[in-house]
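Student: Below you'll find the structure I mean.
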4 protein chains.
Amino acid sequence: MKRLVLLMHCPDKKGIIAAVTNFIHQKNGNIVYIDQYVDRVQGAFFMRVEVEGVFGLPSFERFKLDFQKELGIHFEMQCSFYLADLLPKMAVFVSKYDHCLYDILAQQRSGKLACTIPFIISNHNDLASIAEQFSIPFYHIPVTKNTKEKAELKQLELLQKYEVNCIVLARYMQILSSRIIDVYPSKIINIHHSFLPAFPGAKPYHSAFQRGVKIIGATSHYVTEELDAGPIIEQDIIRVSHSHEVKDFISKGQELERVVLLRALKLHCERKIMTYNNKTIVFN
Amino acid sequence: MKRLVLLMHCPDKKGIIAAVTNFIHQKNGNIVYIDQYVDRVQGAFFMRVEVEGVFGLPSFERFKLDFQKELGIHFEMQCSFYLADLLPKMAVFVSKYDHCLYDILAQQRSGKLACTIPFIISNHNDLASIAEQFSIPFYHIPVTKNTKEKAELKQLELLQKYEVNCIVLARYMQILSSRIIDVYPSKIINIHHSFLPAFPGAKPYHSAFQRGVKIIGATSHYVTEELDAGPIIEQDIIRVSHSHEVKDFISKGQELERVVLLRALKLHCERKIMTYNNKTIVFN
Amino acid sequence: MKRLVLLMHCPDKKGIIAAVTNFIHQKNGNIVYIDQYVDRVQGAFFMRVEVEGVFGLPSFERFKLDFQKELGIHFEMQCSFYLADLLPKMAVFVSKYDHCLYDILAQQRSGKLACTIPFIISNHNDLASIAEQFSIPFYHIPVTKNTKEKAELKQLELLQKYEVNCIVLARYMQILSSRIIDVYPSKIINIHHSFLPAFPGAKPYHSAFQRGVKIIGATSHYVTEELDAGPIIEQDIIRVSHSHEVKDFISKGQELERVVLLRALKLHCERKIMTYNNKTIVFN
Amino acid sequence: MKRLVLLMHCPDKKGIIAAVTNFIHQKNGNIVYIDQYVDRVQGAFFMRVEVEGVFGLPSFERFKLDFQKELGIHFEMQCSFYLADLLPKMAVFVSKYDHCLYDILAQQRSGKLACTIPFIISNHNDLASIAEQFSIPFYHIPVTKNTKEKAELKQLELLQKYEVNCIVLARYMQILSSRIIDVYPSKIINIHHSFLPAFPGAKPYHSAFQRGVKIIGATSHYVTEELDAGPIIEQDIIRVSHSHEVKDFISKGQELERVVLLRALKLHCERKIMTYNNKTIVFN
């Protein structure tokens, strides 16, 4: 007895839900979750279904092929199928900040973040001991202006060797080039330490302090070529006041960063997110 | 028995608190509230004091003069003195949206917003009936590109005639020129329907929707010459999701706007705000 | 072209969605919103549908009858049908507090609360002038221990005369007896000034202050016979600190009460709420 | 150059602030933070001061003695003095849940929780490997009804041996007796997984689900003899809806528990909390 997750979108038409649910019943699948969303302005239909059934790998492949043949072509669907117990392989990129890394490793280890973590990459050596503490391979790949291409090729090599599905930039202070981004569309998750689109780019806490805001935020988003402009997955905020200095903004903000990033990672690993027109649809 | 509110700031030095509290005791004042804040980076000291005592108008004037003479000059203080029962006179500027106006009038009427409202000004006639409902004079002053100067002169005339102390732009869809702003520094309160500095200018809900944010906000700030860039008084947020359309953003946002604006107005009318370096210090 | 809202629940079975959507298509209805929820523990299915079509009153009646005949009996459905432009008639009960009343009347007047308000009932005369300001009939029905039965009979008479559909207790400081509650099951909405189930009953702000909580709340719920124990519609909170006195709790709380009550009323008037097992299902 | 933290409260009188600041200036101390709070109802004065100066251990002892002699007796003060770089020693008690433990250890290790952690005590062996991962001694002390006294004596022995200053119950599923509580008044910090005083005792998420709340909370408080009734340090909440099952309440709640507990621990370790009349004063 296995669980299968299906994410799909297509032009909105009558009869999609009925067709999909009928198909699943024919395959002796039991729908344990179904949610859909219609974007009426765009005329687009989105659906997430969880199905329980006898899905060995062969019947899972069969299910996918038949689904595409019987429904996918007719409704012009774009589909993703996942076996729930095949956890995504997530690579973690870090620099020197440890708060997000600790959280990711602890939550993964205690079973609350449904993924495997094949390795950690960093442009610095500072966090190697944490990797060791959790017995996870740590690759130190320094990045300078001149070595960036070489570094990214080495990163890609590791990503391919370990068959990585998605990447989390856990306060990785480097900008990825399209060399990597293009290989992982809607698969690279970043945490930005501001309430985007306010304060994109570097030093957002300093800018927020300078502006005298009363609330600071954190934003987790998929990485696209345009810096800090990819589809937003999750945001949250915390109140500040005139009595807080920049260092208080940073310390309060870091509490927020790890919470917001973890929420986004959980949603991604549980296959609850679709992207469309540079936005996310989050089935929660 | 009257209550006096004192707001002051000056360069940070030893002995300010002691000097002020001693002065007040000499004047037979009873301190019922005292709060201070030191900006160590700027070396600036801020204080708010509420004093109960026998302050008729003459003794109030005496108090102010003596304070300046004995302390103000020595400590290079900038001070504001208010008698708590002399309510500020607040003019309300509106256009067509009624949600903030209703809230201001209702809260003022029920004694929760400590001010008087001598009149309402609008560039449209739509909300005249609400003014009438609350028996408040309503002046319809249309504004076009060509009549803007004339309109503002008329507005100024009314502001002076009624001896107005502060102005609230309750979704007034016009930009005030320096002609008015310069007369009311840190005295004109605007509500902007976004989480500034994200989405300044026009149509912020449309921009927020376009960007796919997961949280929308509202910001109340003092008006300065640079559009939507004045000192922020109060901000708050509300969650949205992919399932909300622009009209939902607007409707959820309007709930927020009135709450955030009212909080800012209350703080201002209770003389709890100081401005400094384009930021607010809010004694709460 | 009219809009119809359908709320239904029934035991969870295969094929409900398909059956309902097919029925609507046969009736030439256009589904503009559909959302469903399955309570797997209880085996219960809930759905809300908005349909656009040519629904004059006769065809609306026809729709209801056919729906019951073709689907309702088979699936053991409990259904409610509403024409969206037939606004609910909501009676407002108040005592002496005006903040919720002002908000309800202003929001209703500006079209943001989709109901009509045939009259206001109060056990005191204090708020009569607000009713007058909004030109709404005001009935002063004093309630004492001895006159309670007589008072409630008079209230019922008014409710029936005006064909009232629902009641809001906008800080009405009296407890209704089953005489009225039984006539309006899941139709009487109360605002309780605490985060229920903490601090039920009288003086919750005082109790919250006494307990030293760091957050206070407000709860809007349907009234049932057990005091403050009916299905919760909406809750929200605001932070407090040691520096706030009981009067600050009350003043911050009142800001919250009106916001939370209004949200609940909007949800109710837009027919987005179902009740089940003393809980609400809120389609949002 | 050392930093000293002074927490004090006493009956409210004129001249306390001046007396304290004068004393500190005489001792060549530089006040880098001062905040005070007056409870006017109780007539109680509270103050927190941070002072920089040449405080070796002898001069620190001298400072305390002189302070008591010159001010303490006169003003009837209750004072606590701390050297900021003498970190509190905090023992961690756990059972089987690992989310709070991981967070405490990670935050402590990365310098964000200013304490040392001499050991972990658990009534189960499940989390021993985490202790090992962080190289912290782990004591497995099983507790049954019959062995409770013996277990607590063993716990006390360890607490004394390591000169522990405070204890965190990081989801420790046992109730401490007065045997331990009396030794650590306002020094034992618990995290309760509900918005107290709603849902005290066992299984609060199940009760919250049963009640159909729209918001769940977590509460960190000092442990007193009455269960879940000690002074509240920090609370926070997260929204839930009808679509969430008990397991969602638990999983969302655990995210909250660790955040709320960490905030409380940081406040405690930074000596920002005073307790009074079963409430906390939090200087933030």
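Student: Are any of the residues in segment A:203-218 within 16 Å of the chain's Cα centre (by Cα) and touching a residue at least 40 places away in the same chain (Cβ under 8 Å)?
Tutor: Yes.
Student: Only one of these conditions is not met by A:Y172: (1) open to solvent by 10 Å² or more (accessible area, probe 1.4 Å); (2) of a type outside the set (D, E); (3) farther than 22 Å from A:L227 by Cβ. Which number is it?
Tutor: Condition (3) is where A:Y172 drops out.
Student: Turning to a different aspect of this structure: Are any residues in segment C:94-109 open to solvent by 40 Å² or more (accessible area, probe 1.4 Å), facing chain B (nearest Cβ under 10 Å) and in a loop (DSSP other than H, G, I, E, B), and if so, which ones?
Tutor: Across segment C:94-109, the qualifying residue is only C:Y97.
Student: Here is a list: B:I73, B:I117. Which entry is closer than 19 Å to B:Y162 by Cα and either among the acidic types (D, E) or away from chain C (no Cβ under 14 Å) (or both)? It would help to see each step written out before you state the result.
Tutor: Values: B:I73 fails: closer than 19 Å to B:Y162 by Cα.
Going through B:I73, B:I117 in turn, just one is closer than 19 Å to B:Y162 by Cα and either among the acidic types (D, E) or away from chain C (no Cβ under 14 Å) (or both): B:I117.
Student: Considering each residue of segment D:62-83, count those that are open to solvent by less than 90 Å² (accessible area, probe 1.4 Å) and either touching an Asp or Glu at 6+ places or on another chain (Cβ under 7 Å) or assigned to a helix (DSSP H, G or I) (or both), and give that number.
Tutor: 8
Student: Are any residues in segment B:223-249 surrounded by 21 or more Cβ atoms within 10 Å (Cβ to Cβ) and among the charged types (D, E, K, R), and if so, which ones?
Tutor: B:E234
Student: Give segment C:175-191 a look and list any residue that's free of Cβ contacts under 8 Å to residues at least 40 places away in the same chain and open to solvent by less than 10 Å² (accessible area, probe 1.4 Å), or say none.
Tutor: Those that are free of Cβ contacts under 8 Å to residues at least 40 places away in the same chain and open to solvent by less than 10 Å² (accessible area, probe 1.4 Å): C:I180, C:I188.
Student: While we're looking at this one, here's another question. Residues of segment A:21-53 being touching a strand residue (DSSP E or B) at 6+ places or on another chain (Cβ under 7 Å) and either among the aromatic types (F, W, Y) or outside any strand (DSSP E or B) (or both), which ones?
Tutor: Of everything in segment A:21-53, those that are touching a strand residue (DSSP E or B) at 6+ places or on another chain (Cβ under 7 Å) and either among the aromatic types (F, W, Y) or outside any strand (DSSP E or B) (or both) turn out to be A:T21, A:I24, A:K27, A:N28, A:G29, A:Y33, A:Y37, A:G43, A:F45, A:F46.
Student: Something else now. Mind listing just one residue for me: the one in segment C:219-249 that is acidic (D, E) and at the interface with chain D (Cβ under 9 Å from one of its Cβ atoms) and, of those, farthest from D:F283 (Cα to Cα)?
Tutor: Per the criteria, the residue is C:E234.
Student: For segment B:257-281, how many residues are of a type in the set (A, V, I, L, M), surrounded by fewer than 22 Cβ atoms within 10 Å (Cβ to Cβ) and part of a strand (DSSP E or B)?
Tutor: 0
Student: Going by what's in this entry, would A:K252 be described as more than 9 Å from chain B (Cβ to nearest Cβ), out of contact with any strand residue (DSSP E or B) (no Cβ under 6 Å at 6 or more places or on another chain) and either surrounded by fewer than 22 Cβ atoms within 10 Å (Cβ to Cβ) or more than 27 Å from A:I34 (Cα to Cα) (or both)?
Tutor: On the way: more than 9 Å from chain B (Cβ to nearest Cβ): yes; out of contact with any strand residue (DSSP E or B) (no Cβ under 6 Å at 6 or more places or on another chain): no; either surrounded by fewer than 22 Cβ atoms within 10 Å (Cβ to Cβ) or more than 27 Å from A:I34 (Cα to Cα) (or both): yes.
No; evaluated as a whole, the condition is false for this residue.
Student: Evaluate the following for D:K112: is it closer than 22 Å to D:R258 by Cβ and surrounded by fewer than 21 Cβ atoms within 10 Å (Cβ to Cβ)? Even if it seems obvious, please write down each step before you answer.
Tutor: Details: closer than 22 Å to D:R258 by Cβ: yes; surrounded by fewer than 21 Cβ atoms within 10 Å (Cβ to Cβ): yes.
Criteria met by D:K112.
Student: Out of segment D:119-133, which residues are in a loop (DSSP other than H, G, I, E, B) and open to solvent by 50 Å² or more (accessible area, probe 1.4 Å)?
Tutor: Matches in segment D:119-133: D:H124, D:N125, D:D126.
Student: Moving to a separate point now. Which of the residues belonging to segment A:1-22 are at pLDDT 90 or above and under 22 Å from C:R40 (Cα atoms)?
Tutor: A:R3, A:L4, A:V5, A:L6, A:L7, A:V20
Student: Restricting to segment B:157-196, give me the number of residues that are within 14 Å of another protein chain (Cβ to nearest Cβ), in a loop (DSSP other than H, G, I, E, B) and at pLDDT 95 or above.
Tutor: Final tally of qualifying residues: 3.
Student: For B:F199, indicate whether it is in contact with a helix residue (DSSP H, G or I) (Cβ under 7 Å, 6 or more places away or on another chain) and part of a helix (DSSP H, G or I).
Tutor: no
Student: Hey, another quick one. Can you list residue pairs whose Cβ atoms sit under 9 Å apart, with the first residue in segment B:263-284 being within 23 Å of D:N284 (Cβ to Cβ) and without any contact (Cβ under 8 Å) to a residue 24 or more places away in the chain and the second being surrounded by fewer than 21 Cβ atoms within 10 Å (Cβ to Cβ) and not aromatic (F, W, Y)? Count only pairs 6 or more apart in sequence or on different chains.
Tutor: B:N284/A:S241; B:N284/B:D35; B:N284/B:L267; B:N284/B:K272; B:N284/C:S243
Student: Same structure, new question: Suppose the filter is open to solvent by 10 Å² or more (accessible area, probe 1.4 Å), modelled with pLDDT of 95 or more, on the phi < 0 side of the Ramachandran plot and within 14 Å of chain C (Cβ to nearest Cβ); does D:K214 pass it?
Tutor: yes
Student: Now, a different point. Return the residues of segment C:12-61 that are touching a residue at least 12 places away in the same chain (Cβ under 8 Å), open to solvent by less than 50 Å² (accessible area, probe 1.4 Å) and away from chain A (no Cβ under 14 Å); say none if nothing qualifies.
Tutor: C:A44, C:G53, C:F55, C:G56, C:F60, listed by residue number.
Student: Here's a follow-up. Against the definition (within 12 Å of chain D (Cβ to nearest Cβ) and in a helix (DSSP H, G or I)), how does C:A208 come out, yes or no?
Tutor: yes
Student: Another question about this same structure. Name every residue in segment C:134-151 that is in a loop (DSSP other than H, G, I, E, B) and open to solvent by less than 50 Å² (accessible area, probe 1.4 Å), in order of residue number.
Tutor: Once the filter is applied, which keeps residues that are in a loop (DSSP other than H, G, I, E, B) and open to solvent by less than 50 Å² (accessible area, probe 1.4 Å), segment C:134-151 yields C:F134, C:I136, C:I141, C:V143.
The values are calculated or read from the model by the stated rules, or taken from the named source; none is laboratory data. Just so it is clear, the model here is predicted, and its values are computed rather than measured. Note that each Cβ is placed from the backbone with ideal geometry, even for glycine, and that neighbours are counted across all protein chains shown. Remember, those area values only see protein heavy atoms, side chains included, never the ligands or the DNA or RNA. Shrake-Rupley method; radii C 1.70, N 1.55, O 1.52, S 1.80 Å.
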